[in-house]
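The values are calculated or read from the model by the stated rules, or taken from the named source; none is laboratory data. Everything numeric here is computed off the predicted structure, so don't read it as measured data. Cβ placement follows ideal geometry from the backbone for every residue including glycine, while neighbour counts extend to all protein chains displayed. In case anyone asks, the SASA skips ligands and DNA or RNA and just uses the protein heavy atoms, side chains included. Shrake-Rupley method; radii C 1.70, N 1.55, O 1.52, S 1.80 Å.
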Amino acid sequence: MSAGLLELTTIIVLAAILSIIARVFRQPAILAYLLTGVVISILAANGIVTSVAGLHERETFQIFADLGIMFLLFLVGLEVNYTALRYVGAVALVVGLLQVLFTTVVGYGLAILLGFAPLPAIYIGIALTFSSTIVVVKLLSEKKELNSLYGKISIGLLLVQDFIAILVLIALAGIKTGTDISTLPIILTTLKGIVIFVVMVLLGKRVFPPLFDLLARSQELLFLMSLAWLFLMAAVMQWMDFSIEIGGFLAGIALANASEHYQIASRVRSLRDFFILIFFVILGSYLQFTSAGGLLLPVIVFSLFVLIGNLLIVMIVMSAMGYTSRTSFLTAVSIAQISEFSLVLANLGRGLGHIGDREFSLITWVGIITITVSTYLINYNETIYRRLRKVLFWFERSRTRAEEGFSEIAPKRVLLIGFTRTGQSIAMHLKKDELLVIDQDPEIIHALKSEGYAYLYGDASDDDLFEHVDLTETELIISTVPTFEDNLALLELTGRVNHERGSTGGRPITLVVRAENERDAVTLYRRGASYVLLPHFTSGHALGNMVSGTFDRDRLLHMRERELQLLSRGGSATQALRLGASLIHPGRQTNSGGHNPQV
């Protein structure tokens with residue numbers, strides 16, 4: 001076996017083992033990759049494996065690492081969701097810019113106080129500003145909170161940070177090796193990068209959507225053309241004295257508006273995961289060869305600053321804009337770590353000779369610590385908030401903005417919690433004047449408001465939410481939220497209400513909740529649920545009841561056409577509401593417009 005293949009095998013096997021361990025402790029794979037580099041360097045230093053110099057100097061590994069960052073930035077550009085950000089764009093921009101400014105200035109000041117030279121201090125200050133898109137998106141996705149208000153604001157903040165990071169990388173493209181920095185090349189390079197960015201956005205709106213619609217008939221051709229465009233942009237950017245990483249981001253921006261960008265992203269993501277592994281392993285391997293002397297205090301100071309300082313600035317700005325302490329805290333906790341961009345910046349600065357191994361190790365260790373701690377903070381953010389609520393209340397203004405408010409709500413017969421596809425299907429069969437909808441997605445709230453539904457923004461797990469709900473006339477509560485803990489909280493709430501009604505001779509509230517598996521369903525039934533929605537069971541029962549007895553084929557075909565149109569139409573929640581109402585209540589006038597989908 002060749003030396004290169006042996007080293008690659010060692011890297012992948014060791015990374016796989018450490019990733020399993022990281023998974024057990026609910027940590028992201030990035031940490032496992034960094035630790036893989038640390039372990040390999042230790043093994044090499046003790047003569048157990050081939051010299052780690054091969055990992056640093058072998059051209060193949062360096063190409064793999066560069067491709068990893070290129071694919072990473074390609075996906076960042078590709079997954080920019082302009083539509084989802086339109087409801088949180090203002091707060092994301094304001095908080096993002098202020099957070100970057102505050103963190104850079106304070107981080108620079110702390111670095112100077114700790115004895116770092118001005119240029120390395122600038123790198124340290126900037127590196128501390130960026131939060132990890134990979135970590136945050138993955139954790140929020142696993143918690144099913146990407147569409148919550150704080151989830152969308154967090155993604156908006158990350159997008160602002162990513163754009164600033166790209167501008168920094170573009171500016172650094174105008175700097176040559178060494179500490180003698182001229183302003184004019186940086187300005188010219190930045191302006192050139194902005195012009196190219198605008199051209200890519202225009203291409204993405206006018207040229208690529210129809211082109212990729214034609215290519216989408218073949219998934220293999222779609223994937224190949226996406227890669228061809230990516231590598232072509234990388235080659236052109238390198239010819240124009242930019243890095244291939246910048247080319248990857250611009251290539252992604254150009255395809256972000258194509259309707260096939262989800263398919264492209266799903267196929268490219270596995271390539272990114274493989275190549276990015278090599279990049280982080282190489283970064284981790286450098287930690288063993290840097291002096292640890294004098295780094296302990298700076299690592300602790302900067303780690304606490306990222307975990308606490310960023311949290312405070314985000315909470316202060318968001319509370320000043322009228323958001324509740326809960327929304328502010330959950331958003332702040334989500335971005336309390338440094339990013340893979342920070343490590344890319346540190347690696348680039350070390351290559352340019354602007355920072356040394358000491359500063360590089362400092363940034364890397366801060367990344368390891370903050371990503372580790374923030375992972376637990378995000379996973380247990382609701383529990384932490386409940387325990388700190390009395391303290392965090394001081395960050396909340398006496399009057400909060402309408403995002404936490406609600407429409408004028410009279411008592412309603414039916415309370416529907418969660419307005420995803422299942423919730424929308426249920427709502428289509430109910431009268432507006434008897435329904436109150438609770439959801440935490442601001443886009444859905446906007447759709448409910450425009451269609452005249454009574455609504456309440458909030459999370460079913462928030463104890464304060466039901467203080468705004470008048471349950472005196474409520475007969476039925478339906479929760480389509482799949483989170484087991486949220487539905488247990490609803491059971492406790494209805495239990496208290498039913499106990500009060502029982503003492504006065506009133507009728508109890510019927511509670512329907514959703515479960516993701518049979519074990520949770522059994523527990524919910526034992527805790528008092530009137531009925532538990534298990535999607536596969538419930539759909540089977542509904543179809544069985546419809547076809548039993550006298551079979552009505554026309555009814556089945558009518559349902560087929562109705563649901564096919566709903567699925568084909570897609571679009572916004574507003575469109576779904578309007579189309580669904582017109583299909584279930586044919587006599588009702590709608591403003592949906594548009595064309596009939598081709599079947």
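At a glance:
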item	result
All positions within the stretch 141-175 that are among the charged types (D, E, K, R), touching a Leu at 6+ places or on another chain (Cβ under 9 Å) and in a loop (DSSP other than H, G, I, E, B)	Glu145
Residue check for Thr327: in a helix (DSSP H, G or I), under 23 Å from the mean Cα position of the chain (by Cα) and modelled with pLDDT of 90 or more	no
Of all residues in the stretch 142-185 being of a type outside the set (A, V, I, L, M, F, W, C) and modelled with pLDDT of 80 or more, the one that is nearest to His446 (Cα to Cα)	Lys152
Selection within the stretch 208-223 - over 27 Å from the mean Cα position of the chain (by Cα) and either touching a residue at least 40 places away in the same chain (Cβ under 8 Å) or part of a helix (DSSP H, G or I) (or both)	Pro210, Leu211, Leu214, Leu215, Glu220, Leu221
Meets criteria (open to solvent by 10 Å² or more (accessible area, probe 1.4 Å), touching a Leu at 6+ places or on another chain (Cβ under 7 Å) and either at pLDDT 85 or above or farther than 30 Å from Tyr150 by Cα (or both)) for Arg206	no
Failed item in (1) at pLDDT below 85; (2) surrounded by fewer than 19 Cβ atoms within 10 Å (Cβ to Cβ); (3) not in a loop (DSSP other than H, G, I, E, B), with Leu283 passing the rest	(2)
From the options Ile126, Ile194, Ile166, Ile112, residue that is of a type in the set (Val, Ile, Thr) and more than 29 Å from Pro298 (Cα to Cα)	Ile194
Count - residues of the stretch 544-574 that are at pLDDT 70 or above, within 26 Å of Ile477 (Cα to Cα) and of a type in the set (A, V, I, L, M, F, W, C)	0
Which listed residue is of a type in the set (Gly, Ala, Ser) and in a helix (DSSP H, G or I), from Ser259, Ser266	Ser266
Any hit, the stretch 465-488, residues being open to solvent by 70 Å² or more (accessible area, probe 1.4 Å), among the polar types (S, T, N, Q), modelled with pLDDT under 75 and not in a helix (DSSP H, G or I)	no
Whichever residue in the stretch 1-28 is within 19 Å of Gln337 (Cα to Cα) and without any contact (Cβ under 8 Å) to a residue 40 or more places away in the chain and, among such residues, is most open to solvent (accessible area, probe 1.4 Å)	Arg23
Any hit, the stretch 61-80, residues being farther than 30 Å from Asn257 by Cα and modelled with pLDDT under 85	yes
So Ala258, is it open to solvent by 10 Å² or more (accessible area, probe 1.4 Å), hydrophobic (A, V, I, L, M, F, W, C) and modelled with pLDDT under 85	no
Identity of the residue in the stretch 415-459, assigned to a helix (DSSP H, G or I) and of a type in the set (A, V, I, L, M), that ends up nearest to Val513 (Cα to Cα)	Ile426
Of the criteria (1) in contact with a helix residue (DSSP H, G or I) (Cβ under 9 Å, 6 or more places away or on another chain); (2) over 21 Å from Val532 (Cβ atoms), which one Glu500 fails	(1)
Ser270, sole failed condition from (1) among the hydroxyl-bearing types (Ser, Thr, Tyr); (2) modelled with pLDDT of 85 or more; (3) open to solvent by less than 20 Å² (accessible area, probe 1.4 Å)	(3)
Output for the stretch 495-543, where each listed residue is outside any helix (DSSP H, G or I), at negative phi, of a type in the set (Gly, Ala, Ser) and at pLDDT 80 or above	Ala515, Ala529, Ser530
Yes/no for Ser148 being more than 19 Å from Thr364 (Cα to Cα), open to solvent by less than 20 Å² (accessible area, probe 1.4 Å), of a type in the set (Ser, Thr, Tyr) and touching a residue at least 60 places away in the same chain (Cβ under 8 Å)	yes
Lone unmet requirement of (1) surrounded by fewer than 14 Cβ atoms within 10 Å (Cβ to Cβ); (2) over 16 Å from Thr480 (Cα atoms) for Pro535	(2)
Filtered residue count, the stretch 411-452, keeping only those that are surrounded by fewer than 16 Cβ atoms within 10 Å (Cβ to Cβ), charged (D, E, K, R) and under 24 Å from Ser539 (Cα atoms)	2
